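The structure under discussion appears below in the form of structure tokens.
The values are calculated or read from the model by the stated rules, or taken from the named source; none is laboratory data. Keep in mind that this is a model prediction, so the values were computed, not measured. All Cβ positions, even for glycine, are placed from backbone atoms using ideal geometry, and neighbour counts span all protein chains on display. When the accessible area is computed, the model is the full protein with side chains, heavy atoms only, and any ligands, DNA or RNA have been set aside. Shrake-Rupley method; radii C 1.70, N 1.55, O 1.52, S 1.80 Å.
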Amino acid sequence: MNPGAAVALSAKADTAEKPADRMELLTSVNGAERRVKLEPQASGSGYEFEVGTSRDLADVREVEPGVYSILIGARSYEVKIEEAEGRYIVAVNGDRFEVVVQDPRRPRRQAGVSDTEGPQEVASPMPGRVVKVEVRAGETVAAGQGLVVVEAMKMQNEIKSPKAGSVTAVYVEEGGSVAAGEPMVVIE
């Protein structure tokens with residue numbers, strides 16, 4: 001896995017505003033599994049990372065939503081990340097990868113259990129401020145449609161619908177704050 005992609009995905013998948021501890025994620029890049037370790041540095045945008053036997057420092061900056069500028073040593077990476085149905089499409093300096101990220105602290109879904117069955121509560125993946133609520137109760141949404149924009153660490157993250165359906169509840173308001181794991185919207 002390209003180190004720029006590993007660092008950007010790990011930083012994006014991080015669930016805390018700025019974790020104090022090292023985190024470890026399991027990734028699958030075009031079907032090849034890798035373990036990624038990431039430890040934030042005091043600088044605010046710096047990370048020490050380890051992918052396989054490679055270990056280095058990286059400076060990560062989100063230059064626009066979904067686009068990161070990453071410096072690793074003297075090498076610069078432009079990383080574009082698109083979320084698509086539980087996986088990421090990552091372009092690193094023009095090369096594209098399909099990536100699935102699993103946080104080993106969270107249980108995996110059981111085989112045969114669909115994420116799209118029944119009501120789906122959409123929770124905030126990180127603590128932050130609600131910048132925009134893009135839906136209202138009673139509206140119909142498509143899978144992947146934006147629901148809420150949450151700002152954390154000066155980055156705006158659009159939280160998308162995990163399935164097509166109807167919005168049955170909206171628990172957040174623009175300008176309010178949310179905690180990691182706090183329910184924001186229910187899709188049925």
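Below is a table of values for the structure above.
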{"read-out": "Residue that is farthest from the chain's Cα centre (by Cα) [pool: residues in the stretch 120-162 that are of a type in the set (S, T, N, Q), farther than 19 Å from GLY176 by Cβ and open to solvent by 20 Å² or more (accessible area, probe 1.4 Å)]", "value": "THR140"}
{"read-out": "Selection from the stretch 22-65 of residues that are part of a loop (DSSP other than H, G, I, E, B) and either closer than 18 Å to VAL101 by Cα or not β-branched (Val, Ile, Thr) (or both)", "value": "ARG22, ASN30, GLY31, GLN41, ALA42, SER43, GLY44, SER45, GLY52, PRO65"}
{"read-out": "Residues of the stretch 47-96 satisfying the condition of being touching a strand residue (DSSP E or B) at 6+ places or on another chain (Cβ under 6 Å), open to solvent by less than 40 Å² (accessible area, probe 1.4 Å) and in contact (Cβ under 8 Å) with a residue 60 or more places away in the chain", "value": "TYR68, ILE70, ILE72, TYR77, VAL79, ILE81, TYR88, VAL90, VAL92"}
